[in-house]
Amino acid sequence: MKRLIVFTSLLFVLAFGGITGSAQISRCDGNTTSPIKCGFYEEGYQDGVADATRSRSNDYRRYRSKYDSQYESFYRNGYSAGFDSVRPTVRWTNSQRSAYDSGYTIGQNDRRNSGQTRESQNPMGGYDQNIGLYFQQGYSDGFSNRPRTYDVVLTGTIYPPPGGGGGAVNTAIWNGQVDDRAELIIRGNTITTRNVSGNGIITTFQQVNGTLPRRPTTISARKTNGRGDVFVIQQPAANNNFTAIVQIYDNDGGQDNYGVEMSWTGGGWTGAEESYRSGSVSWRGRVDGTVNIIIAGSDVQSEDISGSGLSGTSFYLTGYLANRTGSLRATRRNGRGNVTVIQQPARDNGFIAIVQITDPRSGSDNYQVDINW
């Protein structure tokens with residue numbers, strides 16, 4: 001039925017010489033492409049023109065019922081050509097898209113909660129000027145309840161937004177698979193995961209824009225995808241080393257794909273730096289791929305970044321990593337790969353240090369790493 005509809009559309013176009021006006025179709029070369037493939041291309045072209053004319057987002061997949069998988073590429077190419085003929089697009093980077101999404105979420109929340117925008121808040125949401133316009137556009141679209149629109153050319157200048165507020169808004173995005181119950185642990189500018197129950201948690205994408213400050217603040221979380229529930233079960237405070245925990249509860253059998261957006265106000269340390277305190281960590285574990293060792297205050301966590309898994313981890317901590325700018329040294333005592341300090345403690349990262357282990361060969365190996373400050 002899908003093929004018949006598209007092919008009939010193609011015959012109409014050929015018989016009556018095309019469609020006039022702004023929806024004039026782009027020709028498909030019938031000498032090198034079969035009529036049915038051209039039909040899918042032309043159908044996609046018309047839908048692309050219609051979406052661009054109605055200021056809808058550039059997304060051919062909303063018409064997935066019109067094409068079979070074997071003809072998807074022809075429909076997609078036609079749709080893109082039609083859309084670009086009315087509204088030229090550019091491909092946004094992941095950072096630009098993330099900034100837009102963060103702004104959109106905050107804008108929608110403000111519309112629902114108060115109906116007033118924030119006046120003295122940083123209009124760029126804590127981003128630099130290269131991507132601040134994307135946050136700003138997202139906020140405007142979200143507050144106005146317009147559909148999300150990506151990959152369009154943005155022009156303009158940063159303007160002071162209306163309303164009150166205090167401090168830049170920082171955001172984090174996490175996407176992954178959850179079965180039953182899992183937790184997202186946010187500290188500084190890092191997210192780690194913990195499986196509470198079920199068959200595990202799998203991270204497919206995560207990004208932190210800003211830093212969870214080492215002072216009391218309030219973090220909010222919003223589910224963007226998934227069938228279950230998302231809750232903030234721990235707000236950052238001095239007695240938990242300024243760590244926030246967001247719990248995902250998947251209340252149905254099997255895994256489901258989840259998206260979570262988190263936001264909070266402020267970033268970095270706003271008080272006086274503490275006095276220097278020496279300390280050390282002796283870390284052991286079996287590594288395949290890449291692992292981060294994250295040190296904050298008196299807490300040490302291991303984050304599996306890539307590979308087939310991390311196992312057999314243990315550590316011995318002496319001292320305390322103080323809230324001050326400092327310098328760590330990491331020494332590999334055992335293991336065949338590389339050990340690098342990729343983040344030194346500083347104001348803009350909440351005084352969190354990260355040591356990365358990279359095991360470049362196949363299989364896993366036992367590592368011992370000594371870290372001193």
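The values are calculated or read from the model by the stated rules, or taken from the named source; none is laboratory data. Every value quoted in this text rests on a predicted model; they were computed, and no experiment measured them. Please note: Cβ atoms are built from the backbone with ideal geometry, for glycine as well, and neighbour counts cover all protein chains shown. Ligands, DNA and RNA are excluded from the accessible area calculation, which covers all protein heavy atoms including side chains. Shrake-Rupley method; radii C 1.70, N 1.55, O 1.52, S 1.80 Å.
Here are the numbers for this structure:
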| item | result |
| --- | --- |
| Among residues of segment 317-335, those that are open to solvent by less than 50 Å² (accessible area, probe 1.4 Å), outside any loop (DSSP other than H, G, I, E, B) and closer than 21 Å to GLY289 by Cα, counted | 1 |
| Residue in segment 66-81 that is modelled with pLDDT under 85 and surrounded by 12 or more Cβ atoms within 10 Å (Cβ to Cβ) present | yes |
| Tally of residues being open to solvent by less than 50 Å² (accessible area, probe 1.4 Å) and closer than 16 Å to ILE352 by Cβ across segment 220-239 | 1 |
| Within segment 39-91, tally of residues that are closer than 28 Å to ASN145 by Cβ, not aliphatic (A, V, I, L, M) and not in a helix (DSSP H, G or I) | 10 |
| Every residue from segment 336-362 that is free of Cβ contacts under 8 Å to residues at least 60 places away in the same chain, out of contact with any helix residue (DSSP H, G or I) (no Cβ under 9 Å at 6 or more places or on another chain) and either open to solvent by less than 10 Å² (accessible area, probe 1.4 Å) or of a type in the set (S, T, N, Q) (or both) | GLY337, ASN338, THR340, GLN344, PRO345, ALA353, SER362 |
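A quick yes/no check of all residues on (1) over 23 Å from ILE106 (Cβ atoms); (2) in contact (Cβ under 8 Å) with a residue 40 or more places away in the chain:
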site	(1), (2)
VAL232	no, no
ASN240	yes, no
ALA244	no, yes
ALA296	yes, yes
